[in-house]
Amino acid sequence: MFTIDKIKDAHAKVKSGADFPAYVQDLIQLGVKKYDTYLSDGHSVYFGENDFHTTSESKYSKLAIAAEKEETKFRHYLKIH
């Protein structure tokens, strides 16, 4: 089964967006069926066969997520971005 180290090795080959399709194929060959990445701290959970899963470490400190959306403020910040 796959490990976080094997996933990191595959990800290290990605230098630009053009490399992403090959990265996805590498994940499939490792046995990754799907993965979820969490915006709150940047960790990912990778899922394989027979309920196998493994979790990466957080990439940054946990971010505060607002309980309610502020659509007008969001649209403004998106537009100026």
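Out of everything in region 9-33 that is in contact (Cβ under 8 Å) with a residue 12 or more places away in the chain and among the charged types (D, E, K, R), what residue ends up being surrounded by the fewest Cβ atoms within 10 Å (Cβ to Cβ)? Break it down stepwise before answering.
Taking region 9-33 and keeping what is in contact (Cβ under 8 Å) with a residue 12 or more places away in the chain, we get 10-11, 13, 23, 26-27, 30-33.
So of that shortlist, the ones also among the charged types (D, E, K, R) come out as 13, 26, 33.
On the way: K13: 10, D26: 18, K33: 12.
Taking the candidates together, the pick is K13.
Working only within region 39-79, note down all residues that are touching a residue at least 12 places away in the same chain (Cβ under 8 Å), surrounded by 10 or more Cβ atoms within 10 Å (Cβ to Cβ) and among the β-branched types (V, I, T).
Narrowing region 39-79 to residues touching a residue at least 12 places away in the same chain (Cβ under 8 Å): 39-44, 46-49, 52, 54-63, 65.
Among the residues that remain, those that are also surrounded by 10 or more Cβ atoms within 10 Å (Cβ to Cβ) are: 40-44, 46-48, 52, 54-56, 58-59, 62-63.
If the condition is that a residue be touching a residue at least 12 places away in the same chain (Cβ under 8 Å), surrounded by 10 or more Cβ atoms within 10 Å (Cβ to Cβ) and among the β-branched types (V, I, T), then T54, T55 are the ones that fit.
Considering only residues in region 43-79 that are touching a strand residue (DSSP E or B) at 6+ places or on another chain (Cβ under 7 Å) and in a loop (DSSP other than H, G, I, E, B), the one that is farthest from I28 (Cα to Cα) turns out to be H43.
Among the residues in region 11-21, are any modelled with pLDDT of 95 or more, closer than 25 Å to K62 by Cα, part of a helix (DSSP H, G or I) and not hydrophobic (A, V, I, L, M, F, W, C)? Checking region 11-21: at least one residue is modelled with pLDDT of 95 or more, closer than 25 Å to K62 by Cα, part of a helix (DSSP H, G or I) and not hydrophobic (A, V, I, L, M, F, W, C).
Remark: D36 falls outside the filter, which requires a residue to be charged (D, E, K, R), under 19 Å from F2 (Cβ atoms), touching a residue at least 12 places away in the same chain (Cβ under 8 Å) and not in a loop (DSSP other than H, G, I, E, B).
The values are calculated or read from the model by the stated rules, or taken from the named source; none is laboratory data. Remember, it's a predicted structure, so these values are computed and weren't measured experimentally. When we count neighbours, we look across all protein chains shown, and the Cβ atoms used for this are built from the backbone with ideal geometry, even at glycine.
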